[in-house]
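The values are calculated or read from the model by the stated rules, or taken from the named source; none is laboratory data. Just so it is clear, the structure is predicted and the values come from calculations on it, not from any experiment. Positions of Cβ are generated from backbone atoms using ideal geometry, with glycine treated the same way; all protein chains shown enter the neighbour counts.
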Amino acid sequence: MLLSLMKLLTELWIMFGFFKKLFSTPYRNYSANRVITDLDNGWKPFIIDVRSIGEANGTGKIPGCKIIQPHFNIQKIRRKIPQEGDILVYCAGGVRSSKAIHTLMDSGVEADRLVNMRGGFRAYASNGGKISRR
């Protein structure tokens, strides 16, 4: 009985580790509120918008955004990304930016430099983030 219980606990521990790894990310996930606060406090990441040009022109972008490049073509701008410093990647809702971040990691960008904004530009705008229309 004790051996069966120990075996069960071991299997559960292994499964927990597997699922934790499966659902955790090597990059940072910040809320829109955190991004707004950090930017207001002087954080200066390299900012990439992975929405379409039409989306960005229609709703505006985060001030300081350096590149607007749809997520499915993110590898085209890899050489424009600085070698050091944080990189904030955002889209409308947070899904495409996550995909773009995985592509950037696959191309050699260090995961600890990458920040995904949960909720994307919609959350940023609805939480009072500054918007550039240029």
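Things worth noting here:
- Top-ranked residue in the range 54-83 [being touching a strand residue (DSSP E or B) at 6+ places or on another chain (Cβ under 7 Å) and of a type in the set (V, I, T); ranked as surrounded by the most Cβ atoms within 10 Å (Cβ to Cβ)]: I62
- Yes/no for D86 being on the phi < 0 side of the Ramachandran plot, of a type outside the set (S, T, Y), under 15 Å from the mean Cα position of the chain (by Cα) and surrounded by fewer than 16 Cβ atoms within 10 Å (Cβ to Cβ): no
- Those residues of the range 65-109 which are among the basic types (K, R) and closer than 24 Å to G42 by Cβ, in sequence order: K66, K80
- Selection count, the range 75-90, where residues are among the aromatic types (F, W, Y) and assigned to a helix (DSSP H, G or I): 0
- Pairs meeting the criteria (first residue in the range 101-112 and within 14 Å of K76 (Cβ to Cβ), second residue in a helix (DSSP H, G or I) and aromatic (F, W, Y), beta carbons under 9 Å, at least 6 apart or on different chains) are T103/F72.
- Residue selected from the range 91-130 under the condition part of a loop (DSSP other than H, G, I, E, B) and touching a helix residue (DSSP H, G or I) at 6+ places or on another chain (Cβ under 6 Å), by the criterion surrounded by the fewest Cβ atoms within 10 Å (Cβ to Cβ): S107
- Of the residues contained in the range 16-25, one or more are found to be modelled with pLDDT under 95, surrounded by fewer than 16 Cβ atoms within 10 Å (Cβ to Cβ) and more than 25 Å from D106 (Cβ to Cβ).
- Residues in the range 55-85 that are of a type outside the set (V, I, T) and closer than 18 Å to Y124 by Cα: E55, A56, N57, G58, G60, K61, P63, G64, C65, K66.
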